[in-house]
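Undergrad: Mind looking over this structure? Questions follow.
The values are calculated or read from the model by the stated rules, or taken from the named source; none is laboratory data. Keep in mind that this is a model prediction, so the values were computed, not measured. Here the Cβ positions follow ideal geometry from the backbone for every residue, glycine too, while neighbour counts run over all protein chains shown.
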Amino acid sequence: MYRSLSEDGSRSGEDAGRSLDELLHGLEAGEAAAAEQLAVLDRRERESLLESAAGLHATMRAVEALAGDDAATGSLAALLLGYLQDGKTSVRTRRARRFVQADVLSSLQRALIARLSTAISPATDALVDLFVVVANKDPKTQFKVRVGGLLQALCQMIIDNRSPLSERLLRLLARSVRSPRNAQLAGRKRDLSKALMQRSADSRHSSAMARHLEVLYLIAKNKKTRGLMLSNGAAGRLVGMLDRLAPTLEDADSPAEATLLIVGLLKLFANSRRGKEEVLSAGMVSACEKCLDALETAVDKRGDKTAATQLQDALCSLCVRCVPAEKFPLAGQSSPLSFTLPRTRTRTLSSKGGEKRATTSYARAEDGGRSSGKRRERRLGHGRRCARAEGRRNTSDMPQLSKYAKFFAELEHGAISKDRTAKKKSIGGSAAPTVSTQPQPIQYAQAILNQTQSTRSIQRWVKVAYPELVGPDRELPLQPLVFSTNAMRLVASKASKKGLEKGKDAFKSRIVYSLDACAEGRDGGAQENGRLGNEDKMRLGKLDARCDHLLFESRFESGNLRAAIQTDKTHYELILQPEANQARDHFQWFYFEISNCDANVEYTFEIVNCLKTSSMFVHGMQPVAFSVGEAAAGRPGWVRVGHSICYYRNQYVIDADVAGHRKDRFFSLRFTFALRHKGDVCYLAYHFPYTYSMLRASLECWTARSSSSIYVRRDEIGQSLAGNPLPLVTITGAGSSAEEVAGRDTVVFSARVHPGETNASWIMQGILEYLLTCDDAIAREARERLVFKCIPMLNPDGVLAGNHRCSLAGHDLNRVWDSPSRSLHPEIFHAKAIVQAACETRRPLLFIDLHGHSRRSNCFLYGNNPDQSWRAADVVSSPTFEFVDTAEIMEVVAPAFSARNCRWSIARSKEGSARVALWRQLGLQRAYTMECTYAGFESGPYKGYQIGISELKEIGRNLVHTALTLSKRDEDTRSRVIDR
């Protein structure tokens, strides 16, 4: 027996050292007695041993050598797991990183493989738990389980039908095959799918059945594996299992998860013509109807609608997926909107490794459909590469920061003047701030009309949307999340009837609105709009007797609707407009007007060319509507509307002959609602619209009304591709000298790099409105301590055109911050130069880029943790964890914020984003992307409600409060350091 290392001072240092050497030698030799001694050591001594490289190495050798000993394996796994999970977050992170660096995962893998040859015991499960904890931090886990043989060992154990795998081992196998490469490798084992199918059918417990089906589902994502499974009769067996499970869905402990996985597998099979035929011939429709009836009975018994909704929707979605495919209505038709990109001269690397000059000409995009996506991807992909080359290698394209000094005039002249007239200033011109001591009152509606005339859009508008004229201050009460439990069943029923009614007395579909037919000026250049106005109030109560359908319009700022097709008396299929020059399709944002409607008639709208596979519309979100009739009655504002809302994959494909190719599939957003007023004019949108003209009008009004104690300056830092000004707003406390201003922290906010993320603009509205119009203690102190630099709209061209994601260059501007091109990405080029110029004097305290998130709830942050970076070189020995400060404060001051949803990883695909590029290139530790839900809240005081304009603006005020608290905290920290 080894002597204890913690006897009460009775041993000399030499004896202690000898005992330690003996223990390490025993662990290296795989002696069970050494493992027992390690388990009974004092916690501090054990931690000290594991902190050393030699101690950790010896311990892992013992884990491998003693893999056949249940007691020793369980003991070692438990103490190592406790070591990893004990202590503060920073301690746990450091220890997990050491385990990854020491390649502990490979040792655990070898021990697990050895144990799989014996009977499964609790010791094996303990080893699996330890493996999973380490795997969570190891980015090469999928590669290691494939190369190390653990994946093959688990698969072979199932095929050989040895002792049943525990639930932990099945979860580990499912985790291993989430990698497409691993799933493909597992699928090559021809008997694996048979064995999994048999084991899932024979499982007595629903949880074990679900785990086997989960593995089966993941390997079935591979097309070849699906073909093999169909050849083995998997479709019929799965439908049979679904039919047998149907009666059990009424029970409280129903196998809902297993049923969902069966439905998911059948959906995968239905992606091909052969699979669809086999699923239908096996009696899928009858089995689904049994399940749906059982779920309705369960809801009546237990009253739990939420638990049944997901399974109901999945069953109905399966039925819809098996409907015969139809060709997409506008497949192959070119987009009515286009924009010619500028020519750029770039340096590119030649194939021989040297440099050669190349001239890239970006021609007009002739096709906005999806039929030539590969050709446009190649052309625009080359454009991106040239733009990157231009940004990285052409030194003439680097910003000359001296030209941006004029946008920091407060550092030279102090905050002693106030610019109320917002005289234009941009790169290439200089104008000193001016003072207007008697500002004239400005009417918001008139400011909107004035601003609209001076914008440059690729589409000729016909009007100003009425909601813009009523002002941005119409804040309505919170509305609850709305869940539609029977919507998908109605869709499934309609889809099945549609096939039967073909050739009979079915309604003949017709196009009732086409932007293609309305479009003017196809030269691709920016067009000056004529004098625009709005006559919606004059149209109220009037119906067009010559027209027996709704009238649609989208030719106004931020509008997006390409076509409306009437498929029934009150049912309309809508098609969204593609973005100019897009290499990848982005169909999500919609904003259009309807009129010529009857009162209290249920109209159904179905947007049929959505692309995302999931949406918050199935989690209680509703679209928004603005009724001009309600506004005329004294109740103006955007409200959430609609019932029977569902989101599902529809039957449309680009080419019916190639059905089954996922890239050719579309999803539908379907909702129903009725208007209260006959002859009303109503605007419908994805989220609360916020236009470029609204921003400029709001700035004009705020500047005119702001107090003399507030220093505010509006600049134009440059122009967008279409020639629209890029605004920069500087705000701080007035009456301060240049030295006082230089001592203040700088905070930078930016928003709307993605045009469809209007919630970002409403948060920015809250920031600006609070700083420019509020005089409470927090706002005053924030202005006195901080200098705010706000870039409220990074992509004005995309906002004007009604885009969702990209600029007129067809690029996602939040992927070019690492090397923006002056010619193709002038918006980001100038915005980044502003941040760089700010760093020349004093590094900004905080940078936050505001965004909207379409698949998650609440408001949260993405930051930069070097320990979670894809680059090993980013990992630091002593991380500061400064990046979590903002989230900690927001969690306290912001009711809408969720720290649990925050993420700190640095993915390779996000290197071009603002937060990563500014962190990596400029050293901004507090550079964030703030994401805000379009839908609502799953936690906090607003739980169960949809987000509204009031809550979005509140988040803006919370950000100001957070910046102030951060500044105070940093000052206190500096004071303590000085005192020491």
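Undergrad: Go through (1) under 20 Å from the mean Cα position of the chain (by Cα); (2) of a type in the set (Val, Ile, Thr); (3) not in a helix (DSSP H, G or I) for VAL916 and report which single condition fails.
TA: (3)
Undergrad: Of the residues ASN581, ASN560, which is closer than 27 Å to SER807 by Cα, at pLDDT 95 or above and polar (S, T, N, Q)? So that I can check it myself, show each step before the final result.
TA: Working: ASN581 fails: at pLDDT 95 or above.
Only one candidate qualifies: ASN560.
Undergrad: Taking TYR770 as the residue in question, decide whether it is aromatic (Phe, Trp, Tyr), crowded, with 24+ Cβ neighbours inside 10 Å, over 24 Å from the mean Cα position of the chain (by Cα) and over 26 Å from ILE594 (Cα atoms).
TA: For TYR770, the condition - aromatic (Phe, Trp, Tyr), crowded, with 24+ Cβ neighbours inside 10 Å, over 24 Å from the mean Cα position of the chain (by Cα) and over 26 Å from ILE594 (Cα atoms) - is not met.
Undergrad: Give the range 568-622 a look and list any residue that's among the basic types (Lys, Arg) and under 24 Å from GLY798 (Cα atoms), or say none.
TA: Matches in the range 568-622: ARG584, LYS612.
Undergrad: Does the range 204-217 contain any residue that is of a type in the set (Lys, Arg), outside any loop (DSSP other than H, G, I, E, B), surrounded by 15 or more Cβ atoms within 10 Å (Cβ to Cβ) and in contact (Cβ under 8 Å) with a residue 24 or more places away in the chain?
TA: So far as the range 204-217 goes, yes, one or more of its residues are of a type in the set (Lys, Arg), outside any loop (DSSP other than H, G, I, E, B), surrounded by 15 or more Cβ atoms within 10 Å (Cβ to Cβ) and in contact (Cβ under 8 Å) with a residue 24 or more places away in the chain.
Undergrad: I've got another one for you. Strands (runs of 3 or more DSSP E) wholly in the range 533-599 with at least 1 residues that are under 22 Å from PHE626 (Cβ atoms) and of a type in the set (S, T, N, Q) - which ones?
TA: Strands (runs of 3 or more DSSP E) meeting the threshold: 591-595.
Undergrad: Ok, one more. Give the range 791-810 a look and list any residue that's out of contact with any strand residue (DSSP E or B) (no Cβ under 7 Å at 6 or more places or on another chain) and in a loop (DSSP other than H, G, I, E, B), or say none.
TA: Listed by number, the residues that qualify are ASN795, ASN803, HIS804, ARG805, CYS806, SER807, LEU808, ALA809, GLY810.
Undergrad: Let me ask another. Output yes when any residue across the range 567-578 is touching a helix residue (DSSP H, G or I) at 6+ places or on another chain (Cβ under 8 Å), closer than 28 Å to PRO725 by Cα and aliphatic (A, V, I, L, M), and no when none is.
TA: Checking the range 567-578: not a single residue is touching a helix residue (DSSP H, G or I) at 6+ places or on another chain (Cβ under 8 Å), closer than 28 Å to PRO725 by Cα and aliphatic (A, V, I, L, M).
Undergrad: So which residues in the range 599-632 are of a type in the set (Gly, Ala, Ser) and in contact with a strand residue (DSSP E or B) (Cβ under 9 Å, 6 or more places away or on another chain), if there are any at all?
TA: SER614, SER615, GLY620, ALA625, SER627, GLY629
Undergrad: Follow-up question, since we're still on this one. Please go through the range 920-971 and give me each residue that is hydrophobic (A, V, I, L, M, F, W, C), within 18 Å of LYS789 (Cβ to Cβ) and part of a loop (DSSP other than H, G, I, E, B), ordered by number.
TA: Residue satisfying the conditions is LEU924 alone.
Undergrad: Looking only at the range 175-192, which residues are in a loop (DSSP other than H, G, I, E, B) and over 11 Å from VAL215 (Cα atoms)?
TA: Those that are in a loop (DSSP other than H, G, I, E, B) and over 11 Å from VAL215 (Cα atoms): SER179, ARG188, LYS189.
Undergrad: Are any of the residues in the range 486-496 within 23 Å of PHE667 (Cα to Cα), modelled with pLDDT under 80 and among the hydrophobic types (A, V, I, L, M, F, W, C)?
TA: There is at least one residue in the range 486-496 that is within 23 Å of PHE667 (Cα to Cα), modelled with pLDDT under 80 and among the hydrophobic types (A, V, I, L, M, F, W, C).
Undergrad: Taking the range 721-750 on its own, how many of its residues are farther than 23 Å from CYS774 by Cα, hydrophobic (A, V, I, L, M, F, W, C) and surrounded by fewer than 22 Cβ atoms within 10 Å (Cβ to Cβ)?
TA: So the answer is 3.
Undergrad: Run ALA632 past the list (1) modelled with pLDDT of 95 or more; (2) surrounded by fewer than 19 Cβ atoms within 10 Å (Cβ to Cβ); (3) among the small types (Gly, Ala, Ser) and report the number of the one that doesn't hold.
TA: For ALA632, the exception is condition (1).
Undergrad: Count, please, the residues in the range 937-980 that happen to be within 17 Å of ARG640 (Cα to Cα) and of a type outside the set (Gly, Ala, Ser).
TA: Final tally of qualifying residues: 9.
Undergrad: Follow-up. Every residue in the range 235-255 that is at pLDDT 85 or above and of a type in the set (Asp, Glu), please.
TA: If the condition is that a residue be at pLDDT 85 or above and of a type in the set (Asp, Glu), then ASP243 is the only one that fits.
Undergrad: Looking only at the range 554-577, count every residue that is in contact with an Asp or Glu (Cβ under 6 Å, 6 or more places away or on another chain) and crowded, with 23+ Cβ neighbours inside 10 Å and tell me the total.
TA: Final tally of qualifying residues: 1.
Undergrad: Let me ask another. Can you tell me which residues in the range 886-905 are buried (at least 23 other Cβ atoms within 10 Å of the Cβ) and part of a strand (DSSP E or B)?
TA: The answer is PHE897, and nothing else.
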